[in-house]
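Undergrad: Quick one: structure below, then a few questions.
A short reminder: the numbers here are calculations on the coordinates, not readings from a lab. All values reported here derive from a predicted model rather than from experimental measurement. Backbone-built Cβ (ideal geometry, glycine too); neighbour counts: all protein chains shown.
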Amino acid sequence: MDSSPQILVEVAYAEPDRQRIIPLMVESGATAEHAIRHSGILTEFPQIDLGVNKIGIFGKHASLQTPLRARDRVEIYRPLIADPKDIRRKRVAEGRDLKKR
């Protein structure tokens, strides 16, 4: 029987129309990748590719090998479809065009 203490963590993933936060118990010292794989989220969202999707812990970039602490939330991020800076530049440019009229 394993004597390693267990800790509670969460694995989270969101799409535009739904999100999923899965609480689970893992061994103390488990990595973010271990939690993701054991959460079942990869089965529920087969489009997640851990070679492509970035992850973080409470909004801070993390690697798959990051050891977890109790109550950590591992977040899986979707790839960006547009650069946020480009979007802001476009909005500013459109705003200027509207003001000139």
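Undergrad: What ranking do 28-41, 52-65 get when scored by the average of other Cβ atoms within 10 Å per residue, highest first? Write down the numbers at each step before the final one.
TA: Numbers: 28-41: 18.1, 52-65: 13.5.
Those peptides, ordered most packed to least, come out 28-41, 52-65.
Undergrad: Count of lysine pairs in the chain with Cα atoms under 21 Å apart, counting only pairs 8 or more residues apart in sequence or on different chains?
TA: 4
Undergrad: Percentage of Cα-Cα pair distances in the chain greater than 22 Å, rounded to whole percent?
TA: Summing the P(r) of the chain above 22 Å gives 41 percent of all pairs.
Undergrad: Whole-Hz Karplus ³J(HN,Hα) for segment 13-28, in order, using 6.51 cos²θ - 1.76 cosθ + 1.60 and θ = phi - 60°, x for Gly and Pro?
TA: After applying 6.51 cos²θ - 1.76 cosθ + 1.60, I find 8, 9, 10, x, 9, 7, 9, 9, 10, 10, x, 7, 9, 10, 5, 4 Hz.
Undergrad: Okay, moving on. Using only Cα atoms, tell me the angle between helix 84-100 and the longest principal axis of the chain; keep it within 0 to 90° and round to the nearest 10.
TA: Tilt relative to the chain: about 20 degrees.
Undergrad: Hey, another quick one. Taking H as built 1.01 Å from N, whose amide H comes closer than 5 Å to the amide H of Asp72, not counting residues under 5 places away?
TA: Those qualifying (amide H under 5 Å, at least 5 residues apart or on another chain) are Glu10.
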